[in-house]
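Written out below as C-alpha cells is the structure these notes cover.
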Amino acid sequence: MIVADDHAGLVKARETLGIGAGALSGAGTLALVPTMGALHEGHRSLVRLARERADQVAVSIFVNPLQFGPAEDFSRYPRTFEADLEICRAEGVGIVFAPSAEEMYPPGRQVGVSAGAMGSIVEGEFRPGHLDGVLTVVLKLFNLVRPDVAVFGQKDAQQLAMIRRMVADLNVPVTVVGAPTVREPDGLALSSRNRYLSPRDRQVALALSRALTEGSAEHAATRVRRAARAVLDAEPSLALDYLVLVDPATFTEVGDDHAGEAILAVAARVGSTRLIDNVTLTLG
Ligand code: AMP
C-alpha cells in the first residue's frame, strides 16, 4: 500500500501500480473512495464495492475544512490516522491519499464549485455552504487522483445526488457508484460521529432509523410522513432539523400523490451531535 500526501506522490503511485493512460498495455483502472477518516464498517463496505469495480482502490483521507460551518465540529472531528491505515491495508487498498490542508488549499485560492439551488435546500438549508465545500473537494480529489470510478455512500444521499449532478453538469469523466448504508444490528446507521454519543444519547439516536422504518411501511406520501413524524415526536430529547420525503435526484419534496421512488431523509441533533439518515422507498 502506497501512502501519498501530494500530487507528485499520486503520480508515482499510479505509475508503480500500472494505472491509467501512461502505463503499458493492459493498464489498470482505479476506483476512489473519498473519506474524512475515522474509518468504520461503512467505509469498509465502500472499499469492497470499489474493489469489485476497478483493478486498484485509492482511499482519500482528508477532513475538509471547507465543508464545515464556523459553529460545526471541524476541530473535534475524530482523527484516527494509524487505525485508518490498518483498515485500508486489511482491505487491500493500493493507495491512501492523505493531503494536508495546505496541500489542498494553498494561499490565494479563489475558485470553487457552486452547488446551485440544490445546495441550499434540505441539508443545505441547515448547513449553508456545506455542499459547495463537498463538491469543491470532490472535484479536486477527482483531478488529483484521476479515478475511473468513485464510490460514495447512500448514507449521505443529498451529497451523492449532488455529486451525480456535478459529474453530469461539468462533464467529469468519472463513473459514480452509490453504496448502501451499513447499520448497527439495532438499526443505527454507522457514522464517524457516533463515537460522540453517550450510551443514553445512542438510545435516543435510534429514533432516526426507527422513524425511517415506520415510514417505509407505508405506501402513500402523507402516511409515510405521518408515520415517521410520530416516532420522532415521541422522542423529546431529539432536536429535529428536518424530516422530508423528496425526489431522489433533485431533493425537492414529492407531492401527496407521488408514485415511484422517493427518499425519506431525516436530520436531528442528540445533545451536541448532529446525525443524518435516510431510506429509499417506492410509493404508490
Ligand atoms: P465520511 O468519512 O463520513 O465523509 O464518509 C465517507 C464516505 O463513506 C461517504 O461516501 C459516506 O456516504 C460513506 N459512509 C458514511 N457512513 C456510511 C455508512 N454507514 N454506510 C455506508 N457508507 C457510509
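The values are calculated or read from the model by the stated rules, or taken from the named source; none is laboratory data. Here the structure is a predicted model, which means the values were calculated and not measured. Neighbour counts run over all protein chains shown; Cβ positions are idealised from the backbone, glycine included.
Things to note:
- Qualifying residue in region 32-48 (condition: away from the ligand (no atom under 15 Å from the Cβ) and either on the phi < 0 side of the Ramachandran plot or among the aromatic types (Phe, Trp, Tyr) (or both)): no
- Flag if residue 46 is touching a Phe, Trp or Tyr at 6+ places or on another chain (Cβ under 8 Å) and either among the polar types (S, T, N, Q) or at pLDDT 95 or above (or both): yes
- Among the residues of region 249-278, those identified as crowded, with 19+ Cβ neighbours inside 10 Å and either touching a His at 6+ places or on another chain (Cβ under 8 Å) or farther than 16 Å from residue 205 by Cα (or both) are 251, 254, 262, 263, 264.
- Unique match (being more than 13 Å from the ligand (Cβ to nearest atom), surrounded by 21 or more Cβ atoms within 10 Å (Cβ to Cβ) and part of a helix (DSSP H, G or I)) among 213, 136: 136
- Residue within region 69-77 that is surrounded by 14 or more Cβ atoms within 10 Å (Cβ to Cβ), among the hydrophobic types (A, V, I, L, M, F, W, C) and either over 18 Å from the mean Cα position of the chain (by Cα) or closer than 23 Å to residue 91 by Cβ (or both) present: no
- Within region 182-194, residues that are under 13 Å from residue 276 (Cα atoms) sit with their Cβ atoms under 7 Å from residues that are within 6 Å of the ligand (Cβ to nearest atom) and among the charged types (D, E, K, R), at 6+ positions apart or across chains, in these pairs: 189/155.
- Counted residues, region 82-103 - those being surrounded by 14 or more Cβ atoms within 10 Å (Cβ to Cβ) and either within 19 Å of the chain's Cα centre (by Cα) or in a loop (DSSP other than H, G, I, E, B) (or both): 10
- Verdict on residue 131 being within 15 Å of the ligand (Cβ to nearest atom) and either modelled with pLDDT of 95 or more or not in a helix (DSSP H, G or I) (or both): yes
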